[in-house]
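So the structure is just underneath, and the comments pick up after that.
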Amino acid sequence: MIVAATQFAPVAGDIAANVRTVAGLVRAAGAEGARVVVFAELCLSGYEPSLIRDTPGLVLTEDDPRLEPVREACREVSAAAVVNGPVRTSDGRPAVTSLVIGPDGELLARYDKQHLYGIEKEVFAPGTTDGRFALDGVRFATATCYDNRFPELAERAAADNCAAYLASSVLAADNDSFETVYPVRARDFGLYVVLGNVLGVNEDGVGGGAAGVWGPDGGRIADAGPEKQGFVLAEIG
């Protein structure tokens, strides 16, 4: 199983532009053999909680037609995409949601971020359940940025026979998570940890890139570097 960890600079508030970038990265990674392509937190809208709060049109639905280019890309290259954006919940508020679009273009799973941080608590509804999906016999768990500070999510993933833990995040280059969170979750629970991160300016600061993968021993096995849009591949399982 080959996975891809991606990074790009989302355009604030431009769903269409970000969807085009996501679809292009899915096609490119899939053409190189990736079966799962992982993107950053709020990659579909940009990490802009205040803008999302003030712009109802930025909130997506699970079957939103604006995501059709991503579904088409997944079908074309037979890859699943873990894409994150503001997605409406049953009470009408958005969540910080990872939608897992399968190789057939259908929704494989939905995960709403459970641990909200700062202004996110004013804008988004917290999730209440863990995210899981399986592909080609490999079981995956999903988590989003601040979630990863809570080791019990990774612990439950390991107990639930997940091999890979997919972390959609927004991290600056100096964030200590690169040393104290992601490799530790991998090592402590015997998981592959796949990080999708951002580049560019956002409401939280400046994205530091370095998307990539840690192996179950906690060692880095893929690193996209700090500046260039794109992806890195790693074999897991």
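The values are calculated or read from the model by the stated rules, or taken from the named source; none is laboratory data. Keep in mind that this is a model prediction, so the values were computed, not measured. Note that each Cβ is placed from the backbone with ideal geometry, even for glycine, and that neighbours are counted across all protein chains shown. When the accessible area is computed, the model is the full protein with side chains, heavy atoms only, and any ligands, DNA or RNA have been set aside. Shrake-Rupley method; radii C 1.70, N 1.55, O 1.52, S 1.80 Å.
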Condition (residue is at positive phi and surrounded by 16 or more Cβ atoms within 10 Å (Cβ to Cβ)) applied to segment 194-206: is it met by at least one residue?
yes
Residue ID - surrounded by the fewest Cβ atoms within 10 Å (Cβ to Cβ), chosen from residues in segment 208-235 that are within 17 Å of the chain's Cα centre (by Cα) and assigned to a loop (DSSP other than H, G, I, E, B):
Gln229
Can Pro10 be described as assigned to a strand (DSSP E or B), in contact with a helix residue (DSSP H, G or I) (Cβ under 7 Å, 6 or more places away or on another chain) and under 24 Å from Pro126 (Cα atoms)?
no
Condition first: of a type in the set (S, T, N, Q) and closer than 26 Å to Asn148 by Cα. Now tell me which residues in segment 67-123 satisfy that.
Asn84, Thr89, Ser90, Thr97, Ser98, Gln114
The lone exception for Thr55 - which of (1) hydroxyl-bearing (Ser, Thr, Tyr); (2) surrounded by fewer than 24 Cβ atoms within 10 Å (Cβ to Cβ); (3) within 18 Å of the chain's Cα centre (by Cα) it fails:
(3)
Does Arg93 qualify as being of a type in the set (D, E, K, R) and in contact with a Cys (Cβ under 8 Å, 6 or more places away or on another chain)?
no
Candidate set from segment 159-182 (those that are open to solvent by 10 Å² or more (accessible area, probe 1.4 Å) and either touching a Gly at 6+ places or on another chain (Cβ under 6 Å) or of a type in the set (Ser, Thr, Tyr) (or both)); member that is farthest from Gly131 (Cα to Cα):
Ala173
Which one is most open to solvent (accessible area, probe 1.4 Å), of the residues in segment 19-46 that are among the small types (Gly, Ala, Ser) and assigned to a helix (DSSP H, G or I)?
Ala31
Leading residue by the ranking (least open to solvent (accessible area, probe 1.4 Å)) among those in segment 133-158 that are out of contact with any strand residue (DSSP E or B) (no Cβ under 6 Å at 6 or more places or on another chain) and under 13 Å from Asp112 (Cα atoms):
Asp147
Here are some residues: Ala109, Ala80. Which one is of a type in the set (Gly, Ala, Ser) and closer than 24 Å to Leu199 by Cα?
Ala80
Please go through segment 178-237 and give me each residue that is touching a residue at least 24 places away in the same chain (Cβ under 8 Å) and of a type in the set (Asp, Glu), ordered by number.
Asp188, Glu203, Asp204, Asp217, Glu227, Glu235
Considering segment 76-104, residues that are closer than 17 Å to Glu32 by Cβ and not aliphatic (A, V, I, L, M), and then whichever is surrounded by the fewest Cβ atoms within 10 Å (Cβ to Cβ), we arrive at Ser78
Hey, any hits in segment 197-207 for a residue that's of a type in the set (Asp, Glu), in a loop (DSSP other than H, G, I, E, B) and touching a Leu at 6+ places or on another chain (Cβ under 8 Å)?
yes
